[in-house]
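Chemist: Before anything else, here's the structure in question.
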Amino acid sequence: MTYLLGVDIGSSRIHAATARTSSSGIPEIESVPLGSAAPHIPALVAVTADGRFEFGEEAASRGATEPQNLVSGVRRRIGDDVPFVVGSQQIPAEDAYARLATAVIETVTTAEGEPPAHVTFTYPAGWGPFRVALVQDALGSRYAGRFHLMPEAEAAARGSRRRVPQGRALAVYDLGGTTFDATVLRRDATDWTVLDETGGSRVGGANFDDAVVDHVLASLASPGGVTGASLVALRRECTGAKEALTSERAVTIPAPGTDGPAMVRLTRTDFEKLIENHLEQTVTTLSETIEGAGLAAKEMDAVLVVGGSSHIPSVQERLSETLECEVVAEDQGALVAMGAARGGWERAESEPPPAEEAVHTARAVHEEVPLPKFVLSATGGSSRVATYIWRVILVLLVLGSAYYLYTALNSENRGLFGAPTSGLETPAASVAPAEPTTPVNANTPAPTTGTDG
């Protein structure tokens, strides 16, 4: 069954979702598992020594042992004049983005058994026409199918179970892996309108990871010995501890020490203190964005919390304490990708079919016009052959009629219907009256001509 695809390439993760029309005429939206152990894949690109590109989990595995060949932070670098440099290759950020996108499409196409009819990609707040155009051109150079771009906040609103009344505003708090975006949208009759947005704030999960790493290093007797591969391993442990604290009240982090691994305990309360300033910055940014839209927080229908780092309990608590409106936190996962898929489905339902489909439809209708039986029988019942023969006959009839009329109207001897004109009465010609003649008298000398002698 034909499907539409939504792809959300975030600052650190990529999600995808499909949309199909159900038997009842409504869209069926489903998340597409991209990773082997998770529904998402990391937004990473790696380049091998022989110039081959790897993506997602494969790129992450290579980056663990060959960090110099890893490309990360792709979305943040869109519009940057300086490309990524891996070995001898220079890779513009928008090209890395397009490569990631096509890799996702190929993965979904393999799983579905056919390519999507249309793809909707999301982009973050703060991207102006320049960066959107860069990505559109890069995608168009690597993907031949139909696609369009949609703001992440709009996709989040479409994917949310929250039903915002027409005319009401929704604030979207998007805390990702490396950036924070705030957007205020208004629900219109059939669409969403962005009233104000603040994008690209350098606050995200990576900052929280840094805070935990610093906390662990400060707890070690000799932190200077943690370098290179051991530091990479420690950061991985700290990221896992941060994620575990969303449901656990305390975790223990193994850290390398001079006398063997040390175990550092971190409670949720301690973690919240470590990231308090970062969270305060995001709440302030959201409040300023709401004011920039000409509204007050209490006028919001709700604040929708999205992004991979926003599931931290203190995020929702801080927003509820500061803003006078409801805070809605749904399953983060593929919410934005599912909203993009839904938006693509709604767009397809409201638009006419592509020009190519319209031509095929018109041709099919034309070929279904009943044809004379003698034409069909002469062609063995082939409607396609009969159609062309019937067209030739009609053209010949028109040309013959035109030639006949032309010759008939320009002939001096034949009438319109071919009858000869000789023997037919014609109107008398107009003749000038004759001059009166003078009676001739025999005795009257005839007049002479010439000159007098």
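Chemist: Sort 44-55, 307-318 by the packing proxy (mean of other Cβ within 10 Å over each peptide's residues), most packed first.
Modeler: Result, highest mean Cβ count within 10 Å first: 307-318, 44-55.
Chemist: Peptides 337-349, 178-190: what's the order by average Cβ count within 10 Å, highest mean first?
Modeler: Final packing ranking: 337-349, 178-190.
Chemist: Order the peptides 8-19, 237-248, 391-402 from the highest to the lowest mean number of other Cβ atoms within 10 Å of their residues.
Modeler: 8-19, 237-248, 391-402
Chemist: Over what distance in Å are the Cα centres of segment 258-299 and segment 55-130 separated?
Modeler: 28
Chemist: With labels modelled as points extended 7 Å from the Cα through the Cβ direction, what inter-label distance (nm, one decimal) is found for residue 65 paired with residue 232?
Modeler: Those two pseudo-labels are separated by 1.0 nm.
Chemist: Under 19 Å from a point 7 Å along the Cα-to-Cβ line of residue 249: which residues of segment 261-276 have their amide N that close?
Modeler: 265-274
Chemist: Residue 132 label point, 7 Å along Cα→Cβ, cut-off 20 Å on backbone N: hits in segment 314-349?
Modeler: Once the point is set 7 Å along Cα→Cβ of residue 132, 336-349 turn out to lie under 20 Å by backbone N, inside segment 314-349.
Chemist: On to the next question. For 403, 173, 143, 97, what ranking results if the residue with the fewest other Cβ atoms within 10 Å of its Cβ goes first?
Modeler: 403, 143, 97, 173
Chemist: Let me ask something else about it. Contour minus end-to-end for residue 330 and residue 193, with contour as 0.36 nm per residue of separation and end-to-end as the Cα-Cα distance?
Modeler: That pair, residue 330 and residue 193, stretches by 47.1 nm at full extension.
Chemist: What distance in nm separates the simple spin-label points at residue 321 and residue 49, each placed 7 Å from Cα in the Cβ direction?
Modeler: 5.4
Chemist: Gain in length, residue 202 to residue 214, computed as 0.36 nm per residue apart minus the alpha-carbon separation, to one decimal in nm?
Modeler: Here the segment from residue 202 to residue 214 would lengthen by 2.5 nm.
Chemist: Order of 209, 214, 174 from fewest to most other C-beta atoms within 10 Å?
Modeler: In increasing order of surrounding Cβ atoms, one gets 214, 209, 174.
Chemist: Need one number: nm distance between label points at residue 38 and residue 399, each 7 Å from Cα along Cα→Cβ, rounded to one decimal.
Modeler: 7.1
Chemist: Let me ask something else. I'd like the FRET efficiency for residue 273 and residue 2, computed as 1/(1 + (r/R0)^6) with the beta carbon distance as r and R0 of 41 Å, rounded to 0.05.
Modeler: The value I calculate is 0.20.
Chemist: Would you please calculate the Kirkwood hydrodynamic radius of segment 206-274 over all C-alpha pairs and express it in Å, rounded to one decimal?
Modeler: 11.9
Chemist: Next up: Along the Cα-to-Cβ line of residue 149, 7 Å from the Cα, sits a label point; which residues in segment 61-83 have backbone N less than 19 Å from it?
Modeler: Of the residues in segment 61-83, 73-83 have backbone N under 19 Å from the label point off residue 149.
Throughout, read-outs are computed from the coordinates displayed, never taken from laboratory work. Only a predicted model underlies this, so the values are computations on that prediction, with no experimental measurement involved. All Cβ positions, glycine included, derive from the backbone under ideal geometry; neighbour counts span all protein chains shown.
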